[in-house]
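Colleague: Before anything else, here's the structure in question.
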Amino acid sequence: MPADYDIVPIYDGTEIHEITGWLNLVYWKDLMFIHIGHFFDETPYGEFVGTTIFPIASSLLGLCFFVIFSRRNTPDPDPESTAAKILQYLDEHPGSRHQQIVAGIGKSRGTVAYHLHRLELKKNLTAVKIHNSVTYYPKDTDKDALITAVQRALQNPPHQEILSILHQYPQITRYRIASELHKSPDTISWHLINLDTRILTIQKQMDGHLYALSPEAEKIYTRLTNTQTTRTTPRDS
């Protein structure tokens, strides 16, 4: 017969199945029990192990797999996009609270909370707690963000007035600020909460909080307004 004859495949009834994905776990589990069973085949306990121990162990192993995979966190379908939207929103609105971010990016409260927590763990943002409220800021690498924060405060008339008072009278209460600006303490408190907290230093005392400009914010304020740092001793009642 010539060497270049055609080879005709003959079906012998054998089927080949490729084991992939989740079937790997099932195959691995069954193979493990088969190998373990060989150690007991020649012992008096072989039948007991095969009929009692192995089914119980197989059930417990399956339960472990179920618990492990059922407890896995299911993140947002597009987590990178959600995280990017949060960081972009914070770049445009530093000092935002959780509810403001939810409204700003159009995601659910749970999704935003999940990604805020992840971003904080990765140190991609800063969470500041003040007056029982948490505000979020993007991660800063230099003083540009603080300069921008002071500039924005100076563009807001009520905030500009508060910065001016704190520049003149450091370490004063909201009541003193309200007295100087002829506004109610509640109004001043609302504006203080909405000021970028990096601009302020807050000292808690028994009768309230004392507010002042942070050292860096004081330097930036002085430079931007071309004022001299002339401070007056506060006369809080």
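Colleague: For labels at Cys64 and Leu121 in the simple 7 Å Cα→Cβ model, what's the distance in nm?
Modeller: 2.4
Colleague: Using a basic spin-label model with each label point 7 Å from the Cα along Cα→Cβ, how many nm lie between Thr51 and Asp207?
Modeller: Spacing of the two 7 Å Cα→Cβ label points: 8.7 nm.
Colleague: Under a point spin-label approximation (7 Å from Cα along Cα-to-Cβ), what is the Leu224-Val134 distance to one decimal in nm?
Modeller: Output for this residue pair reads 2.8 nm.
Colleague: Over all Cα pairs of region 88-201, how is the pair count split among 10 Å bins, expressed in % and running from 0 up to the last occupied bin?
Modeller: All Cα pairs considered, the percentages come to 13, 41, 31, 14, 1.
Colleague: What whole-number volume per residue, in cubic angstrom, does the convex hull of the C-alpha atoms of region 79-138 give?
Modeller: With only Cα atoms used, region 79-138 gives 70 Å³ per residue.
Colleague: If neighbour count is taken as other Cβ atoms inside 10 Å, put Leu146, Leu121, Leu90, Leu181 in order from fewest to most.
Modeller: Taking fewest neighbouring Cβ atoms as first place, the list is Leu121, Leu181, Leu146, Leu90.
Colleague: Here is a further query. Over the Cα atoms of region 144-225, how large are the radius of gyration and the largest Cα-Cα distance (Dmax), in Å?
Modeller: Values for region 144-225 (Cα only, Rg and Dmax): 11.7, 35 Å.
Colleague: Also, quick follow-up: Kindly put Ser108, Ser96 in sequence by how many other C-beta atoms sit within 10 Å of each C-beta, fewest to most.
Modeller: Ser108, Ser96
Every number here is computed from the coordinates shown, using simple stated rules; none is lab data. Remember, predicted model here, so these are calculated numbers, not experimental data. Note: ideal-geometry Cβ built from the backbone for every residue, glycine included; neighbour counts use all protein chains shown.
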